[in-house]
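Engineer: The structure is given below, and queries will be raised subsequently.
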Amino acid sequence: MKDLARDLTWPRWRWRFLLAATVSLSGCTFAYTWRSLGPFETSGPIRHIIVDPVRANRVYAASENGGLWVMDDATASGASWRPISDQLENLQMRGVAKSSVDSAYIVTANALGFVYHTKDHGATWTRIVNQSFSYIRRLLIAEGLTRIPAGNYTRLAKETTVLVAGRTGLHRLRLVNNNFDRVDTLYPRLAAQNAEVLDLARDPVDQRKLFVAVRAQGVWRSTDGGETWSLVAPWATFGDSSPMMRLATNNRRVVAKFGRNLVVNDAGGDSAAWRLTSSVGFDDLGGSDIGYRGNYSGVTGDWTHALAIHPTDTSIIATGQTDLFTTTNGGSTWTARSAAHEDMQALAFSPDGQRLYVGNDGGIWVFNVDNWSRTNLNRNLTTLQFYRAAKDGSVVIGNADHQGIRGTRNIEANPPAWEYATQGSSGYGNNGLENDFVFSDPAIANRFYVAFQEQDLLRLRYPLTGSSQDLLAMNDTSGRVRPFVMRRNNPAVNNMLNYPVGTVAFDPRANSNLLLLAAHETVNTTFVIRLTRNRNVN
C-alpha cells in the first residue's frame, strides 16, 4: 500500500490506470468489460461500402465513427451487422478492401493514416507497415503469383498488392504470402508534382489500368499498374470550381464527378473523348444538389461525394452529394432518389447489378435496381457518435452526430430504448441540433441545457411533456449568448470534433440559481464568461 500511495501522482498514476486491462489491489483483481448501450440501429456516417468479391451477398461498411462492420448475407431475412475491428486503436475508418481469392483476408485503414490487414476475417488485425499515409481516401487490392528464391531454385508464392490513395499520393504495398515486402510510391513520380490523390479507380477487366484524380491537375491514367502515367484530362476539363473529384470505371467507360458536373469517357479515358453529361444543380429533379455541400465539405471537399457504375450495364450510374441521383441512359436524364438521410458517402452495386448499396450520414440502405424500392439495412449497426452525453439519474441525453439530440428514459434497461429528446415543432428541429453540446443541471431533476451553436443557450426538459416549455431559449436582454461558433468563415478547421465548445457550469451550493456559460460576444470574438443569477427565468 505504501508503494501504491507513492504512485498516486499525476500523471503517472493516471496512465497506469487508463492503460491497464485489469487492476489488482490487495490480492483482488477487478476486470473491466464494456457493453453497448446504443442507440441501436441508428447509424452515423458510413464512409465506404464494398461487396465481397468472394461471397457476393456479403457486404462491408467502414464507418466514420464506429469501426468496420460486416453483413454476412445482405439478402437474408433479418440480416444484421456485426463489428470486426473493435480492437483497433482508432475506429474512424478511411477505407476497406477485400481479397478476391481469400475469404478471410481484409485490408482497412483509419484516421491515424495506418493500413491494417487481417488474415482471419477480423479476429486479429496487424499494421501492414508502421508508416502513416496521412488522410487515406481509397484502398484497392490486386493479387497474383510471383517467383521467390528458395535455395537453388525459385518457387511460386502469392503476391498481394495494396494500393493506398490519399493526400500523400498513391502508394503500393507489396506483400508476399501476406507478409509485408516493401512500399513503392506510384504517384507522384516527380518531386514537382502535386501529391494529393483525390480518388483511385481500376478497370475491372484490365486491372493494370488505373486512374487517379489529382487535385489541381486532373485525371491521370496508367496502363501498366502504376509504373508510368499520362495526363488524360486536365483539371480545367471538368468546368467547375469544386475542390473534390470522384472516379468510377467499368470496361471502356470512365466517369468523373466534379462538383455539379458529371463527365463521361467511353474510350477508356482517351484525352479527346470526355463529354459533359450534366452541369445542372439537380434542383429541378426534386433534390437539392449533386454538387456542393457548402462549408461542411471544407476547403478539401472531402465530405459527401459518391459515384458508382453498374457492373453489367454502364448506362446505369448512381451519384450524389447531398442527395442521391440515378440515370439509366448514361447521364442524358436523371432521377432523384430518396435515400432516407442526406449526404451521400458511399455507393456500391452488387456484382449482379440487382442491388445498389447506399451509405450516407444516417447509415446504410439498399435499393432494388429493377423498381428502385428501398430497404433499411441498419439492423444492429451501432456507429452513432455522441459528441457529449449528460446523465440525470437513469435519464441520459446526448447530441448525436447527424441524428440530433437523442435520449433514453432508463439507461439501466437492457437494452435502453432511445428516442428524439426534442420536438421538431420547437423551432430548433431534431437533426439540426446534431452539433450542439448538452449538460445536465445537478440541482434540478430532468433539466438539461443545450449549447446551440451561434444562437442560444437552450433549456431542455426531458422526458418531454408535450408542452411548449420543454425547450426554451435563455436569451440575454443584450442579445444572443452564442455558446460556441463553428468558424464557417474558415472551412479548413470546420471539424466539429475539434471545437473548443461553450461549457456550462453551476454553483454547487444549496438553493443557488447561479449559472455560467463560456460564450462569444460576437461571431469572431474570443470566449468570455456569461452569468445569470436565476437559471429559472424563461
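The values are calculated or read from the model by the stated rules, or taken from the named source; none is laboratory data. Since this is a predicted model, take the numbers as computed values, not measurements. A quick note on method: Cβ atoms are made from the backbone with ideal geometry, for glycine too, and the neighbour counts reach across all protein chains shown. What goes into the accessible areas is simple: the full protein's heavy atoms, side chains included, and nothing from ligands, DNA or RNA. Shrake-Rupley method; radii C 1.70, N 1.55, O 1.52, S 1.80 Å.
Engineer: Using θ = phi - 60° and the Karplus curve 6.51 cos²θ - 1.76 cosθ + 1.60, what whole-Hz ³J(HN,Hα) does each residue of the stretch 43-56 get, with Gly and Pro shown as x?
Structural biologist: 8, x, x, 10, 7, 9, 10, 9, 9, 4, x, 8, 10, 5
Engineer: Counting other Cβ atoms within 10 Å, which GluC sites (Glu not before Pro) in the stretch 331-434 have at most 12 and lie in a DSSP loop?
Structural biologist: Glu412
Engineer: Per residue of the stretch 350-364, in order, report the coupling 6.51 cos²θ - 1.76 cosθ + 1.60 (Karplus, θ = phi - 60°) as ³J(HN,Hα) in whole Hz, putting x for Gly and Pro.
Structural biologist: 5, x, 7, x, 7, 10, 10, 8, 10, x, 9, 6, x, x, 10
Engineer: State in Å² the accessible area per residue of the stretch 192-242; use a 1.4 Å probe, count heavy atoms of protein chains only, and round to the nearest integer. Numbers along the way, then the final one.
Structural biologist: Details: 2010 Å² over 51 residues.
About 39 Å² of surface per residue is accessible.
Engineer: Give me the percent of accessible area attributable to carbon and sulfur for the stretch 118-257, probe 1.4 angstrom.
Structural biologist: Taking all protein chains in place, the stretch 118-257 shows 49 percent carbon and sulfur surface.
Engineer: Could you tell me which of rounded, prolate or oblate describes the stretch 58-145, using a ≥ b ≥ c as the square roots of the eigenvalues of the alpha-carbon gyration tensor, with rounded for a/c under 1.5 and, failing that, prolate when a/b is larger than b/c and oblate otherwise?
Structural biologist: oblate
Engineer: Next question, about the same structure. What ranking, highest mean first, results for peptides 135-141, 239-245, 75-81 when packing means the other Cβ atoms within 10 Å averaged over each residue?
Structural biologist: Details: 135-141: 21.9, 239-245: 18.7, 75-81: 13.4.
Result, highest mean Cβ count within 10 Å first: 135-141, 239-245, 75-81.
Engineer: Calculate the FRET efficiency for Thr477 and Asn511 from the Cβ-Cβ distance with a Förster distance of 25 Å, rounded to the nearest 0.05.
Structural biologist: With R0 = 25 Å, the Cβ-Cβ based efficiency is 0.55.
Engineer: Now for a different question. So for the pair Ser103, Asp313, with labels modelled 7 Å out along Cα→Cβ, what separation do we get in nm?
Structural biologist: So the label points at Ser103 and Asp313 sit 3.1 nm apart.
Engineer: Follow-up. At R0 = 35 Å, how high is the FRET efficiency between Gln469 and Ala340 if r is their beta carbon distance? Nearest 0.05 is fine. Could the numbers behind the result be given before it?
Structural biologist: Values: r = 32 Å, r/R0 = 0.91.
It comes to 0.65.
Engineer: Can you tell me which of 325-331, 306-312, 389-395 comes out highest on packing, and rank the rest after it, using the mean Cβ neighbours within 10 Å?
Structural biologist: 306-312, 325-331, 389-395
Engineer: Hey, can you find the accessible area per residue of the stretch 69-158 for me, probe 1.4 Å, expressed in square angstrom? Before the final figure, lay out each step's value.
Structural biologist: Working: 3980 Å² over 90 residues.
Here the per-residue accessible area is 44 Å².
Engineer: Efficiency by 1/(1 + (r/R0)^6): what FRET value for Glu419 and Gln131, r their Cβ-Cβ distance, R0 = 45 Å, to the nearest 0.05?
Structural biologist: The value I calculate is 0.50.
Engineer: If DNA, RNA and ligands are ignored and the probe is 1.4 Å, what is the ranking of Trp418, Trp365 by accessible area, most exposed first?
Structural biologist: Solvent-accessible surface, decreasing: Trp418, Trp365.
Engineer: Quick one: 3J(HN,Hα) in Hz for the stretch 159-175, Karplus 6.51/-1.76/1.60 with θ = phi - 60°, rounded, Gly and Pro as x.
Structural biologist: Listing the rounded values in order: 10, 10, 10, 10, 8, 10, 10, x, 5, 9, x, 10, 10, 10, 9, 9, 10 Hz.
Engineer: Return the long-range amide H neighbours of Asn110 (sequence gap of 5 or more, or a different chain), with a cut-off of under 5 Å between placed amide H atoms.
Structural biologist: Correct list: Arg94.
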